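Peer 1: One structure, pasted below without further comment.
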Amino acid sequence: MSLLEISKLSKSFDKHGEKVNAVKDLSFSLEQGECLGLVGESGCGKSTTANIIARLLREDTGDILFNGRKISGTRLLKPVGRELQMIFQNPQYSFDPRDTVLSGIMQGAMSYGLWDKKTLAEKALDTLSFVGLKASYAGKRMSEISGGECQRAAIARAIICDPKLIICDEATSALDVLVQAQVVALLKRLKREKKMSLLFITHDLPLAAALCDRVAVMHGGKIVEIGGAKCILQNPREPETKRLVMSILPLPGRLGEAKES
């Protein structure tokens with residue numbers, strides 16, 4: 001049984017009195033321990049799909065099974081919410097800037113009542129170290145740290161409860177190239193050492209190929225091509241995928257970097 005199974009998912013929005021299909025009859029699955037990249041141009045439905053899976057949006061039709069449990073048509077219950085976490089593109093907006101780094105990391109976990117406050121604080125410090133932030137960051141305000149450090153804190157907040165699936169919605173696109181590479185290395189470590197599954201949403205096909213086991217290319221709210229990450233990058237079949245590949249060919253080194261992963 002797959003960890004995540006999406007079947008015929010659809011979502012539309014009203015725009016100036018007209019119905020616009022953001023996601024239409026979308027189906028795919030994600031296995032335990034797998035990293036699946038969901039790639040495509042802006043407006044293709046990637047983030048809408050992520051928000052529906054995370055229960056931040058409600059689907060119009062379709063089914064979502066997570067770890068054998070149907071979550072479509074419902075609000076995310078706490079036992080399931082602990083197992084499914086999300087990392088956003090702009091982590092600064094998901095933290096209270098007045099919070100300390102340590103309290104920001106602990107905030108979500110506190111709602112599950114898994115540990116007493118002392119134990120949770122110790123676990124948060126361990127998680128802080130895992131994501132590459134020194135213990136001295138624990139007392140800093142969220143407003144005092146950089147974007148890359150804030151993204152590491154967001155990853156720490158997401159993994160502190162040992163979820164089965166992390167949804168990364170353009171989690172690296174707001175970062176510079178060096179910090180982006182560091183965050184991708186951290187996500188690889190999560191997958192390798194903690195056996196977590198990742199749904200990695202991006203418009204950057206080479207980045208997805210460098211991190212993901214498989215890649216699904218979205219266009220117009222649908223998946224037009226899905227397969228092994230390197231195969232998709234090196235031998236695209238569909239016109240939409242070929243356009244994505246062609247758009248990065250002028251950038252020296254990008255294809256080579258993706259192939260080496």
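Peer 1: Not counting ligands, DNA or RNA, and with a 1.4 Å probe, what is Ser27's accessible surface area in Å² rounded to the nearest 10?
Peer 2: The accessible area of Ser27 comes to roughly 60 Å².
Peer 1: Please report the net charge: other residues with Cβ closer than 12 Å to the Cβ of Ile160, K and R +1, D and E -1.
Peer 2: Local charge sum for Ile160: +1.
Peer 1: So how exposed is Glu144, as accessible area in Å² (1.4 Å probe, rounded to 10)?
Peer 2: 120 Å²
Peer 1: Continuing with the same structure: Determine ³J(HN,Hα), in whole Hz, for all residues of segment 57-73 in sequence, where each value follows from phi through the Karplus function 6.51 cos²θ - 1.76 cosθ + 1.60 and θ = phi - 60°; x replaces Gly and Pro.
Peer 2: 10, 9, 6, 7, 9, x, 10, 10, 10, 10, 6, x, 10, 6, 10, 5, x
Peer 1: Can you work out the accessible area per residue across the chain, with the rest of the protein chains kept in place, probe 1.4 Å, in square angstrom?
Peer 2: 48 Å²
Peer 1: Over segment 4-218, what is the relative contact order in percent, taking alpha-carbon pairs closer than 8 angstrom and at least six residues apart?
Peer 2: Working: 387 pairs, mean separation 64.8, N = 215.
Result for segment 4-218 is 30 percent.
Peer 1: Pairs Lys140/Lys195; Lys188/Lys230; Lys191/Lys230: which exceed 20 Å Cα-Cα?
Peer 2: Going by Cα-Cα distance, Lys140/Lys195 fall outside the 20 Å limit.
Peer 1: Counting each DSSP H run of 4 or more residues in the chain as -39500 (n - 2.57), what helix-only mean residue ellipticity at 222 nm follows after dividing by all residues, to the nearest 500 deg cm²/dmol?
Peer 2: About -11000 deg cm²/dmol.
Peer 1: Run the quick spin-label model on Ser42 and Arg141: label points 7 Å from Cα toward the beta carbon, then report their separation in nm to one decimal.
Peer 2: 3.2 nm
Peer 1: What does the accessible area of Lys19 come to, in Å² to the nearest 10, when a probe of 1.4 Å is used?
Peer 2: Solvent-accessible area, nearest 10 Å²: 150 Å².
Peer 1: Let me ask something else. In what sequence, largest accessible area first, do Arg141, Arg157, Arg75 appear using a 1.4 Å probe?
Peer 2: If we order Arg141, Arg157, Arg75 from most to least accessible, we get Arg75, Arg141, Arg157.
Peer 1: For the chain, what is the charge dipole size about the Cα centre, in debye to the nearest 20, if Lys and Arg each add +1 at the Cβ and Asp and Glu each add -1 at the Cβ?
Peer 2: On the way: 37 positive and 30 negative charges, 87 e Å.
It works out to roughly 420 debye.
Peer 1: What dipole magnitude, in Debye to the nearest 20, does segment 64-152 give about its Cα centre under +1 on Lys/Arg Cβ and -1 on Asp/Glu Cβ?
Peer 2: The dipole magnitude comes to about 260 debye.
Peer 1: How many percent of the accessible area of the chain is carbon or sulfur, using a 1.4 Å probe?
Peer 2: For the chain, the apolar C and S fraction of the accessible surface comes to 49 percent.
Peer 1: Is segment 66-215 best put as rounded, prolate or oblate by its Cα gyration tensor, with a ≥ b ≥ c the root eigenvalues, rounded for a/c under 1.5, and otherwise prolate when a/b is larger than b/c, oblate when not?
Peer 2: It comes out oblate by the Cα gyration axes.
Peer 1: Additional query: Fully extended, how many nm does the chain gain between Leu56 and Ala121 (0.36 nm per residue separation, minus their Cα-Cα distance)?
Peer 2: Extra length from Leu56 to Ala121 when fully extended: 20.6 nm.
Peer 1: Using only the alpha-carbon atoms of the chain as identical scatterers, what base-10 log of I(q)/I(0) does the Debye formula give at q = 0.11 Å⁻¹?
Peer 2: -0.61
The values are calculated or read from the model by the stated rules, or taken from the named source; none is laboratory data. Given the structure is predicted, the values throughout are model-derived calculations rather than measurements. With ideal geometry, Cβ positions are generated from the backbone for all residues, glycine too; neighbour counts draw on all protein chains shown. Note: areas computed on protein heavy atoms with side chains; ligands, DNA, RNA excluded. Shrake-Rupley method; radii C 1.70, N 1.55, O 1.52, S 1.80 Å.
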